[in-house]
Each structure stands twice: as structure tokens, then as C-alpha cells.
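Okay, structure first, notes after.
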Amino acid sequence: MANQLGVLNALDAAKTQWYHFTAIVIAGMGFFTDAYDLFSISLITKLLGRIYYFKADSPKPGTLPPNVAAAVNGVAFCGTLAGQLFFGWLGDKLGRKRVYGLTLMLMVICSIASGLSFGKSPNGVMATLCFFRFWLGFGIGGDYPLSATIMSEYANKKTRGAFIAAVFAMQGFGILTGGIVALIVSAAFDHAYTAHPYQRDPEHSTVPQADYIWRIILMFGAIPALLTYYWRMKMPETARYTALVARNAKQAAADMSKVLHVDLNAEQEKVDKIGTEPSNSFGLFSKEFAKRHGLHLLGTTSTWFLLDIAFYSSNLFQKDIFSAIGWLPKPETMTATYEVYRVAKAQTIIALCGTVPGYWFTVAFIDHIGRFAIQLMGFFFMSVFMFALAIPYQHWKTHNAGFLIMYSLTFFFANFGPNATTFVVPAEIFPARLRSTCHGISAAAGKAGAIVGSFGFLYAAQSTHHDKVDKGYPTGIGVKNALLVLGAVNCLGMLFTLLVPEPKGRSLEEITGENEEDKGQQQASVGNVPV
């Protein structure tokens, strides 16, 4: 484009260099920690029930009461939703870099504090844990819009999708590492301290030292985040923020000259001119924004919301699904430490078979077949596999290997599909001055879906028979019907994907129309949605 700044042209045309990989690792380690912290709670909820809600006269091990389980599982999502909105807005007001270190330190401090949760009563311990996990989620929430926006603004236009997706793909390694850490810790404690299955000796099926297991698992999440703090602080502000939002051409050119190792001219006059264009003056709540980007924002928020209902409900409570089909032994036949081991083993297998490969398939293909195609395909196959699990549900109870394959494929197409693309697209299709805010709004809609999925699925997946429900829960619609509902949710995701534009292969300014001089040239949309 004739009006494009030289520094932004240089970024768009840059060959893949060392700084790209550095940015992926620095931003990606935040996401590694995010996933580890968010998903590790599902590994330890059964252990928390055994430790803090044990009743000697009960034929089954202690379980978290429904309201406590909902709070422990869901409170981090509430914090994440708030953090996405707040830090997304702050990233556009103060700059991406200024806010980036703050979110990481919040995650480190609250990861450690979660493991140090205390209280005189079981509910006291759970309340302290929930308090720290809310603020942990708040820090994690900030990482979503900031990491996506920073990577988007640093990347070249040819491989931008792959770079943003690679940051998000670190989630897979975070989930995998959570399972591995839980396996190692639980195996070590199981080996060191002798215990008996609950049905044989209820009182001694949970050794006192088991209280350290969940604390170690939660606190480990602080380590990778802490290791990358220094490098986050050394990253320069993105040129797009400095030039297009702060309007400091000299600083943008100086920062990117160091990063790209080329001489770049400061074009202050051009920056000032761009700043006066009508396309760079409308706000988030203006009619002009609604006209240009209203449907885009509806598309990114609705698809992320629907995706996370399905993704988090099945991921967080996969241990309950495994129990329902007999893949996990009955709780009363296991010791507390062995139960953690078996739950962690199940999560690790799923992560290895479906979660991690799916992310990296997206990285490999997103800049070739496009975001739209991957998202539509992902929602379609998630629907197919959810229905395939649900309709012949009784069949899978006697074919565990088949169930595991189908369940893994569901996660594969979530990650080689909308779980990755819903993160990538909002970082590309909105103007620089609103990019972080709009990504935060889209991500917050996703976390609202996660809250619906995690809270709702706790109750919905309960058996329709009174004698088969978990203690303290009302009867639900059963796992089969819950899977049918999730399949329908994925079908809705396909429908709303039609609102999401395709930004593949264009510069960010070309997509948003920020640098267009003539109003007639400005695009009200990124382009026609390929149907």
C-alpha cells in the first residue's frame, strides 16, 4: 500500500528470523503456564475430596460437595474472564509491553500461593485456594490478548498465522506437562508411603503426606513462567503500537532496527497523517466500528464461546467420562495417591494422542488452507465425533479402546480447528488501537463458554438414576445426552463461523484498512467470507 509505513513494510516482508522464534518462546511459555495452571486442577479434585471431605462411615471415598467442586473448578475461569477484559483494554491504553510483565508476575505469585492454601476447616482451605486461583486466572486472562497481539504485530504476513498458532500450541505442552508432573509426584508418594485401597481400610487409604501432592502439582506451574520473566521485560514494544497508537515514529524505527538488524527511517509526517485519517479515529462503541467490525466481533465472540463450552466441559471432566465407561477403576478400589496416578495417566494419553498433535497440525497448515477452512472443518468433525460417541453410547462401554480413539479425535479436531483459530483471528482483523481490547472481549466470551461448560457439565453429566449420581448432586441428563448437547453446540459453531473473515496472507493494515488514504478505498470488511 502506498501509505504503508516503511517500518511496518519491513516487518511484513521480513524473512523468518531468530527474533520470531524468540518471541514465540517468550509468549508461548506464558501459554504453557496458562494451560498447566487451568487444567492441573482437574487432576487433583478427587484427591481434595478424599483429604478434606472424608467420612469414616461412607462406603465411598470423600468427594467435593457440588458447590465446592463448582467453585474450585470454575473460579479460575471467572478470574480469567475478568483479566481478559481488563488487560485487553489496558494493553491498548498503556502498550503491550508495559502490561506483559505484570500478568506474568501475577501468575507466578498466585501459582505458589495456591499451593500454600491454608485454613482451620476444609471449607477454609477451599476458600483460600479459590481466592488465589481467581487472581491466578486474572493474570492468565491478561496473557491471552497480550500474547496474541504481540505475536501478530511482530510477525511477517506470510507466516503470521503459524507464529500466533505456535504460541497457542504451547498450551498442549502445558496440559501434557501437568499430566506428567502429576504422574511423577503421585508415583513417588505411592512408592514412599504405603496405603490400602479404600474398601479395605478407609481411614488409611489416604496417607497424611498426600496433602503435599496437590500443593506440589499446583506450585510447579510457577517455574516456567518465572524463567521467562527477564526476557519478557527485554522485548521492545511492538512497532505497530508505537507508530499507529502512540504515534512515535522515531521510537518504532529505532526498536525495529535493532530487532531486524536493518536501518529504518522514522516517518513522523506519515505517522501524523495516518493518525488524522477517519479510519483511525472511531472508537469501540461507535457506529463506524459497528459498521466495519460489528459482525466480525460477533463472529469471534460467538465461535469462541461455543467452542469453549464443548472443549472445557469435556477436558476438565474427562476423568468422569473415563469412570463412566470403566476406563478408571472404581474409587473405592484405589488408594488416594494411585487414583491421582490413574487420572493423570488418562489425561497424559489424551494429550499425547489428540491434544498436542492437533495444535501443531494447525501451525503447519494455517497459512496454506486458511483460518476459515480449518475452523469450519474442526467444528464439523467435533460434531461428528461427539455424536458418534453419544448415539451408540452403550456400545462404547464394552469397547474402551474405540471410545478412547474417538475421544482423542474429538480433541485433535478441536485443536486442529477452532480452539486454535479462535485465538488467532481476533489478533489480526481489528485496528491496532482496538486490537488487544477486541481480542480480550473475544477471549472473555470464550471463558464465559468455559464457565457454562465446566459448571453445567458437573450437573448435566450426572446419571438419570438416583442411585448412580455422585454424592450431593441431583440427577442429570447422563453422559450420553450431555455429549449430544455438546455435538449440537459444535453445529452452532459451524454456523457462526460464517461471520468470521479470512485474513490469510494480508498485512494487518490492509486487513483493517487503517492506512487507506481515500475513504472509498476503506473496506467495511476483510473480504468476502468463503462459503
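The values are calculated or read from the model by the stated rules, or taken from the named source; none is laboratory data. Worth saying up front: this structure is predicted, and the values here are computed from it rather than measured. Please note: Cβ atoms are built from the backbone with ideal geometry, for glycine as well, and neighbour counts cover all protein chains shown. Calculation scope for accessible area: heavy atoms of the full protein, side chains included, ligands and nucleic acids excluded. Shrake-Rupley method; radii C 1.70, N 1.55, O 1.52, S 1.80 Å.
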Cβ contacts < 7 Å: first residue within 28 Å of Trp18 (Cα to Cα), restricted to region 253-276; second residue open to solvent by 60 Å² or more (accessible area, probe 1.4 Å) and assigned to a helix (DSSP H, G or I), any location; separation 6+ or different chain. Result? Ala266/Lys250
Boolean, Gly6 is crowded, with 24+ Cβ neighbours inside 10 Å, modelled with pLDDT under 90 and among the small types (Gly, Ala, Ser): no
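To keep it simple, each residue is scored yes or no on (1) of a type outside the set (A, V, I, L, M, F, W, C); (2) in a loop (DSSP other than H, G, I, E, B); (3) crowded, with 24+ Cβ neighbours inside 10 Å.
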{"residue": "Tyr19", "(1), (2), (3)": "yes, no, no"}
{"residue": "Met29", "(1), (2), (3)": "no, no, yes"}
{"residue": "Thr33", "(1), (2), (3)": "yes, no, yes"}
{"residue": "Ser40", "(1), (2), (3)": "yes, no, yes"}
Filter result for Phe381 (buried (at least 24 other Cβ atoms within 10 Å of the Cβ) and among the aromatic types (Phe, Trp, Tyr)): no
Would you mention how many residues in region 173-192 are within 19 Å of Val424 (Cα to Cα) and either open to solvent by 10 Å² or more (accessible area, probe 1.4 Å) or outside any helix (DSSP H, G or I) (or both)? 1
In contact (Cβ under 8 Å) with a residue 12 or more places away in the chain and either touching a helix residue (DSSP H, G or I) at 6+ places or on another chain (Cβ under 6 Å) or buried (at least 20 other Cβ atoms within 10 Å of the Cβ) (or both): does that describe Gly95? yes
Every residue in region 406-457 that is within 20 Å of Leu484 (Cα to Cα), open to solvent by 20 Å² or more (accessible area, probe 1.4 Å) and in contact (Cβ under 8 Å) with a residue 24 or more places away in the chain, please. Leu409, Phe412, Phe413, Ile451, Val452, Phe455, Gly456
For region 366-381, how many residues meet the condition of being under 9 Å from Lys504 (Cα atoms) and β-branched (Val, Ile, Thr)? 2
Search result, residues across region 330-357 that are more than 18 Å from Ser314 (Cα to Cα) and hydroxyl-bearing (Ser, Thr, Tyr): Thr333, Thr335, Thr337, Tyr338, Tyr341
When (1) surrounded by fewer than 24 Cβ atoms within 10 Å (Cβ to Cβ); (2) β-branched (Val, Ile, Thr); (3) over 30 Å from Leu260 (Cβ atoms) are applied to Thr159, the one that fails is (3)
Any residue that is open to solvent by 10 Å² or more (accessible area, probe 1.4 Å), farther than 23 Å from His204 by Cβ, modelled with pLDDT of 90 or more and under 20 Å from the mean Cα position of the chain (by Cα) - is there at least one of those in region 341-360? yes
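Quick one: is Val452 farther than 21 Å from Ser314 by Cβ and either at pLDDT 80 or above or of a type in the set (Gly, Ala, Ser) (or both)?
Judged against the criteria, Val452 is not a match.
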List the pairs whose first member sits in region 207-220 and is free of Cβ contacts under 8 Å to residues at least 60 places away in the same chain and in a helix (DSSP H, G or I), whose second member is open to solvent by 50 Å² or more (accessible area, probe 1.4 Å) and aromatic (Phe, Trp, Tyr), and whose Cβ atoms are under 9 Å apart, counting only residues at least 6 apart or on separate chains? Pro208/Tyr193; Gln209/Tyr193
Filter region 341-372 down to the residues that are farther than 15 Å from Phe412 by Cβ and either hydroxyl-bearing (Ser, Thr, Tyr) or touching an Asp or Glu at 6+ places or on another chain (Cβ under 8 Å) (or both) and list them by number. Tyr341, Thr348, Gly370, Arg371, Phe372
Are there any pairs, at least 6 apart or on different chains, whose C-beta atoms fall under 9 Å, with the first in region 106-128 and touching a residue at least 40 places away in the same chain (Cβ under 8 Å) and farther than 16 Å from Asp211 by Cα and the second open to solvent by 60 Å² or more (accessible area, probe 1.4 Å) and assigned to a loop (DSSP other than H, G, I, E, B), and if so, which? Ser111/Phe220
Are any residues in region 247-305 among the aliphatic types (A, V, I, L, M), surrounded by 14 or more Cβ atoms within 10 Å (Cβ to Cβ) and assigned to a loop (DSSP other than H, G, I, E, B), and if so, which ones? Leu264, Ala266, Leu284
Between Tyr144, Tyr100, which is under 14 Å from the mean Cα position of the chain (by Cα), among the aromatic types (Phe, Trp, Tyr) and either open to solvent by less than 10 Å² (accessible area, probe 1.4 Å) or at pLDDT 95 or above (or both)? Tyr144
